[in-house]
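Peer 1: This is the structure I want to talk about, given as structure tokens.
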Amino acid sequence: MSAMPQEGDLALEAEIVWLEDPTDLDYVRQALDKVNTRKGKPRYERDGRIIGYSNLEPKAPRSQDSGLFARRTFYLLPHDRPNRPGDPDCPYNVGAPLEAVDPQTIAVGKVGQKTARSQGTTEIVAAGS
């Protein structure tokens, strides 16, 4: 299960771990997943590949309803633009998926943001868009 992260969901993040260097990626998908550990590589059950994840502080509590921990996962699906550079048939030649954010805006405790770079445009993207 995953959801779009909100700032309050990230208060107990300790670090962001990148499994791949995100420098050349114009976007990654960001999700808040329910997992059974506070740290370490979470199980990845999507198509595509995991690019990174967050670890939580040792005191981070389990969810009262599920007994799991809410942690961010950063990933790409096979049809995403960073996987298909220059492909005219890529569905995201311009624009990006709802959960896509510029990896350069990702920080501990801060939700990643959409930018012109992540949207594949030269236009400025409004905050919160």
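The values are calculated or read from the model by the stated rules, or taken from the named source; none is laboratory data. Bear in mind the structure is a predicted one, so any value in this text is a computation, not a measurement. Cβ atoms come from the backbone with ideal geometry, glycine included; neighbour counts cover every protein chain shown. Note: accessible area is taken over every heavy atom of the protein model, side chains too, but ligands, DNA and RNA are not part of it. Shrake-Rupley method; radii C 1.70, N 1.55, O 1.52, S 1.80 Å.
Peer 1: Report Leu25's accessible area, 1.4 Å probe, all protein chains in place, as a number in Å² to the nearest 10.
Peer 2: The accessible area comes out at roughly 20 Å².
Peer 1: Using a 1.4 Å probe and counting only protein heavy atoms, arrange Ser66, Ser118 so the residue with the most accessible area comes first.
Peer 2: Ser66, Ser118
Peer 1: With labels modelled as points extended 7 Å from the Cα through the Cβ direction, what inter-label distance (nm, one decimal) is found for Val17 paired with Ala31?
Peer 2: For the pair Val17/Ala31, the computed spacing is 1.9 nm.
Peer 1: Report the residues of the range 12-35 in range of a label on Cys90: point 7 Å along Cα→C-beta, backbone N strictly under 16 Å from it.
Peer 2: Label zone hits: 22-29.
Peer 1: What GluC sites (Glu not before Pro) in the range 1-79 are in a loop by DSSP, with at most 12 other Cβ atoms within 10 Å of the Cβ?
Peer 2: Filter output for the range 1-79: Glu45.
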